[in-house]
Amino acid sequence: MCSSDLSDSWNWFDRDVVTWQAHVGLSPELLDDLQELRLVVEPAAVALACSRATPADTQALEEAYKGMKAAVETTSLDDYIFHDEAFHTGLLHASHNRMFVQMGRALSILLREGLAIASRTPNQGIVRSLPLHHDVVQAILARDAHKAFNCSRRLIEHARIDMRQVLGVQ
């Protein structure tokens, strides 16, 4: 949902703009825009990763997932966010699409902030997200683009619900 205010003229892919906005606080509308962008881009990148990911790419995704799982077991929210960001940027990287990779670099700060907010869901949000992340990795390993696409969408939709709950937005 695009509003018509001064921020419409800002370049949201500029790291300085994103860094500044993250520092002053991200609006629920901007975070929702980010989730919408992720719903369009990430599942497509994941589907590409099914045919393009190298063994190093899939190993990085598996390691990020293991790091998230370990962080849940030790209740380290900072570690969880670190590994969750690595997981999602790893998905874009595994697509081997330069535009997706560059977009991930540009939006990594917004992604990190969004993940941090979604991870604060009081109803075990990060615990519930682990099997969804695992499903994405398994679909990529199976080279099943259709399943990977759908698993990725489901993961992002759950994160969007969690984020809205934390922010008190319907």
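Below, the figures for the structure above:
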| item | result |
| --- | --- |
| Unique residue being without any contact (Cβ under 8 Å) to a residue 24 or more places away in the chain, farther than 18 Å from Leu130 by Cβ and of a type outside the set (Lys, Arg) when the list is Ser76, Ser51, Ser9 | Ser9 |
| Residues of the range 88-104 satisfying the condition of being within 16 Å of Leu37 (Cα to Cα) and without any contact (Cβ under 8 Å) to a residue 40 or more places away in the chain | Thr89, Met99, Val101, Gln102, Gly104 |
| Within the range 20-43, tally of residues that are outside any helix (DSSP H, G or I) and aliphatic (A, V, I, L, M) | 1 |
| Criterion (surrounded by 21 or more Cβ atoms within 10 Å (Cβ to Cβ), of a type in the set (A, V, I, L, M) and without any contact (Cβ under 8 Å) to a residue 40 or more places away in the chain) met by exactly one of Ala116, Ala64 | Ala64 |
| Which listed residue, of Val46, Val17, is assigned to a helix (DSSP H, G or I), surrounded by 15 or more Cβ atoms within 10 Å (Cβ to Cβ) and more than 17 Å from the chain's Cα centre (by Cα) | Val17 |
| Tally, over the range 93-110, of residues that are open to solvent by less than 20 Å² (accessible area, probe 1.4 Å) and more than 27 Å from Val24 (Cα to Cα) | 2 |
| Answer residue from the range 67-83, given it is surrounded by 19 or more Cβ atoms within 10 Å (Cβ to Cβ) and not β-branched (Val, Ile, Thr) and is farthest from Arg154 (Cα to Cα) among those | Ala71 |
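The values are calculated or read from the model by the stated rules, or taken from the named source; none is laboratory data. Being a predicted model, the structure only gives us computed values, none of them experimental. Here Cβ is always computed from backbone atoms with ideal geometry, including for glycine, and neighbour counts include all displayed protein chains. Areas reflect the complete protein model, heavy atoms only, side chains present, ligands, DNA and RNA absent. Shrake-Rupley method; radii C 1.70, N 1.55, O 1.52, S 1.80 Å.
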